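The values are calculated or read from the model by the stated rules, or taken from the named source; none is laboratory data. These numbers were taken from a predicted model, which means no experiment stands behind them. Every residue, glycine among them, receives a Cβ derived from its backbone with ideal geometry; neighbour counts consider all protein chains shown. Accessible surface areas use protein heavy atoms only, side chains included; no ligands, DNA or RNA. Shrake-Rupley method; radii C 1.70, N 1.55, O 1.52, S 1.80 Å.
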Amino acid sequence: MNRTAHAVRVGLARGWHEFGLSVRSPQDQGFYVFMAVATLAYLFWNRDDRVEGTSLLMPSVALPSMLGMVMVFGTVAGPAFSLALEREDGTLLRARAVPRGVTGYVTGQVLFQSLQVVPVFALILLPGLLLFDGLAHRGAAGWLTVAWVIPLGLLAVMPIGIVLGALAPNAQKVGTWGMLPVFGLAAISGIFTPITALWGWVQVVAQVFPMYWIGLGMRSAFLPDAAAALEVGGSWRTWQTVAVLAAWAVAGALAAPPVLRRAARRTSGSQVEAAREAAAQLVR
Amino acid sequence: MTSETAVAVRGLRMRYGTRDVLDGVEFEVRRGEVVCLLGPNGAGKTTTIEILEGFRARSAGEVEVLGTDPATGGEDWRARTGVVLQSWRDHARWTARHLLRHLGAYYTPYSTPARPRPYDVDELIEMVGLGEHADQKVRLLSGGQRRRLDVAIGIVGRPELLFLDEPTAGFDPHARREFHELVLRLAGAEETTVLLTTHDLDEAEKLADRILILADGRIVADGTTAGLAERFAGAARVSWRLDGERRSVTTPDATRFLRGLLAEHGEAVADLEVRRPSLEDTYLALVRRHEAGASRGESAREFGAETGGRAPGPGRIESGEAAR
């Protein structure tokens, strides 16, 4: 029996179990519902607006973009916070204490964080399809596009979350210098306003990062071809989307393992003990 | 190092900045032995254990654990060791049973006919006395139940060598007694080698085949409880009442002293008491001796503060007096 493959299987079972626990946890349910309600409320508020120069309703354009954004937030913040917390609370140390446990732990994290997209998407999409007209213009072909944009997007973005979580000094710092840039990126990535409306250099910055491309891919899955006129070059740029996301995925696959190994190497009983004492100090 | 040696440490050094926390630690643990590492706070017990566990890189020295250098031990070596960690808020939503089953599953490929891995989860739950709490969420377990779970996780892979760093901190006397029985059972029936650290000298005396005392970055004593007492504390304390007055004397040969005392005063001697040095006395004598001889008094001072400040446990009341 291949021992690494075995650890990966144990890790998959771990990720599935964590997902089950998450779906059944009132705290996590609250988070999923909050994300969905906030997104839907924003869209509902602007439900009668038309996108300038087109006959498209605002929710039709914004909902696919926001799905992409929510996925990026979740996939960066999820592993980043989990890892930063679990380095401190001893979860990673437990993984380190069993044979090939870190392999299993990481597998579990990747599966769990990927699965978390499902309830968020379901809670936004199902009511969205009822509330707004003209969402899914492309039918089956559109869903096929979603079926490659999301997995590729996960591969591109999740390593960023893992690296953040592995490098952050503690969980609080993930929020400040980890998530703020991601929120900033959301503002310039064509989620709320078409990217072509922004200054040239901002467009260039936005197009370096995966969020723009995931949003673009999602729009190409939901909107009619005429809507491509709103995009850079008047095209969905499908091949560029694949290329940029794949490049991020490869970079992430190269960068994340050594950073993770370093984080795992540094976790020890005394480190966990120190974090526990620091937490006790905060409570006092 | 022979195949009968589970742990061999030679010239182990650990330096943080300019301070040597470990300064030439040397000891061996034979297979099947229960060895207890004692020492004042800050002496480097946890650092030593973490180096042996392969969780911490050392500055210098030779270390072999189950025939392998833990720094390069790898995952197959890892499968043969068990580590009892102190849980905090990890796996809060998991039930104890599910967590044991999950962590145990990692060991399946390392099973051998002689050591089937992992343990059967139900058997293990019974063994550590987790019983009906096994299906509760970890977050809802009491401190004592959590420690039982920690121990169960440490042994789920049927380790050849088990590391326990202050395993009974926070146990009530009943839980402590049960834990001691469990460790002795593991060492007996399972032929598990056990290396533990503790502050509880009573515990060390009950569990350990051999005691190592770590002070100021070195092993300053290595032997059985009785052997250490003979070598380091030596003298017994004889006290008696004579003409209503309480007297006492410390003597290396209590029998001879008593013969003389009784011959001289006969029936005037009352309330006679002879006290052999306990491990407590031995330990304190050693640490004090080391303190006097050491150029750096830091660790010894820390220890003094600790005996004064901690709540007295069963074996600690006397140490408090002795330290004063």
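Here each label is just a point 7 Å from Cα along the line to Cβ, and for A:Ala253 and A:Leu12 those points are 1.7 nm apart.
Residues of segment B:98-115 with amide nitrogen under 19 Å from the 7 Å Cα-to-Cβ point of B:Ser3? It comes to B:111-115, nothing else. Using only side-chain charges placed at the Cβ, +1 for Lys and Arg and -1 for Asp and Glu, the dipole size of the protein assembly as shown relative to its Cα centre rounds to 1200 debye. Within segment A:198-220, whose backbone N sits under 14 Å from a point 7 Å along Cα→Cβ of A:Ala141? Hits in segment A:198-220 for A:Ala141 at 14 Å: A:220. Of the residues A:Gly252, A:Val232, A:Val70, the one whose Cα sits farthest toward the positive end of the charge dipole of chain A, with +1 on the Cβ of Lys and Arg and -1 on the Cβ of Asp and Glu, is A:Gly252. Taking the Cα atoms only, what angle lies between the long axis of helix A:269-283 and the longest principal axis of chain A, rounded to 10 degrees? The angle comes out at about 70 degrees. The mean number of partner chain beta-carbon atoms within 10 angstrom of a residue's beta-carbon across peptide A:269-275 is 5. At 222 nm, what value in deg cm²/dmol follows for chain B if DSSP H runs of at least 4 each add -39500 (n - 2.57) and the sum is divided by all its residues, to the nearest 500? Per the formula, -10500 deg cm²/dmol.
For segment A:2-283, the residue among A:Ala36, A:Leu155, A:Leu125 whose Cα projects farthest onto the positive side of the dipole built from Cβ charges is A:Leu155.
Could you look at the protein assembly as shown and say what percent of its accessible area is carbon and sulfur, using a 1.4 Å probe and all protein chains? In the protein assembly as shown, the share of accessible area belonging to carbon and sulfur is 58 percent.
Using Cβ point charges alone (K and R +1, D and E -1), the dipole size of segment A:2-283 about the Cα centre works out to roughly 1100 debye. Each residue of segment A:222-232 was assigned a 3J(HN,Hα) from its phi angle through the Karplus curve 6.51 cos²θ - 1.76 cosθ + 1.60 (θ = phi - 60°); the sequence is 9, 9, x, 4, 4, 5, 4, 4, 6, 8, 4 Hz, with glycine and proline shown as x. Accessible surface computed residue by residue for segment A:2-283, with neighbouring protein chains in place and a 1.4 Å probe, gives 44 Å² per residue. Buried accessible surface for the A/B pair, both sides summed and rounded to the nearest 100, is 3200 Å² with a 1.4 Å probe. With Cβ to Cβ distances under 14 Å as the rule, what net charge do the other residues near B:Leu184 carry (K, R +1; D, E -1)? With Lys, Arg at +1 and Asp, Glu at -1, the net is -4.
Using R₀ = 30 Å, calculate the FRET efficiency as 1/(1 + (r/R₀)^6) where r is the Cβ-Cβ separation of B:Ser142 and A:Arg261; round to 0.05.
Numbers: r = 36 Å, r/R0 = 1.19.
Computed FRET efficiency for B:Ser142 and A:Arg261: 0.25.
For chain A, the longest principal axis of the alpha carbon atoms and the long axis of helix A:101-115 meet at an angle near 20°. When nucleic acids and ligands are ignored and a 1.4 Å probe is applied, B:Lys206 ends up with an accessible area of around 110 Å². Give me the net charge of A:Trp213's neighbourhood, meaning all other residues with Cβ under 12 Å from the Cβ of A:Trp213; Lys, Arg count +1, Asp, Glu -1. Around A:Trp213, the charge tally is +1.
I'd like the projected area of chain A, averaged over all directions, using the convex hull of its alpha carbons. Report it in nm² with one decimal.
Values: hull surface 66.5 nm².
The orientation-averaged projected area of the Cα hull of chain A comes to 16.6 nm².
For segment B:38-177, the extents of the C-alpha atoms along the principal axes are 46, 40, 27 Å, listed from largest to smallest.
Pull up all non-local amide H partners of B:Thr5: gap of 5 or more, or a different chain, and H-to-H distance under 5 Å with H placed in the peptide plane. Excluding prolines and chain starts, which carry no amide H, the hits are B:Arg31.
Rounded to whole numbers, the Karplus 3J(HN,Hα) couplings from phi for segment A:185-190 are 5, 4, 5, 10, 9, x Hz, using 6.51 cos²θ - 1.76 cosθ + 1.60 with θ = phi - 60°, and x at Gly and Pro. A 1.4 Å probe run over the protein chains yields, for chain B, 45 Å² of accessible area per residue, whole-number rounding. Percent of Cα pairs in segment B:76-121 per distance bin of 10 Å, from zero to the largest separation: 23, 50, 24, 3.
For chain A, the longest principal axis of the Cα atoms and the long axis of helix A:26-45 meet at an angle of about 20 degrees.
The calculated FRET efficiency for B:Ala71 paired with A:Phe34, based on their beta-carbon distance and R0 = 56 Å, is about 0.75.
Taking amide H positions as modeled 1.01 Å from N, with prolines and chain starts lacking one, the residues under 5 Å from B:Asp165 and 5 or more places away or on another chain are B:Val84, B:Thr197.
In this calculation the C-beta distance from B:Arg289 to A:Leu180 is compared with R0 = 41 Å, giving a FRET efficiency of 0.10.
Ranking A:Thr241, A:Gly269, A:Phe183 by Cα position along the charge dipole of segment A:183-284, where only Lys, Arg, Asp and Glu carry charges on their C-beta atoms, puts A:Gly269 farthest toward the positive end.
Bridge orientation summary for segment B:105-248: considering DSSP beta bridges with both residues in this region, about 65 percent are antiparallel.
Provide, as a two-decimal number, the C-alpha radius of gyration of chain B over 2.2 N^0.38 Å, N being how many residues it has.
Working: Rg = 22.4 Å, N = 324, 2.2 N^0.38 = 19.8 Å.
With N residues counted in chain B, Rg over 2.2 N^0.38 Å equals 1.13.
Each Lys and Arg Cβ is given +1 and each Asp and Glu Cβ -1; about its Cα centre, segment B:176-289 then shows a dipole of about 340 debye.
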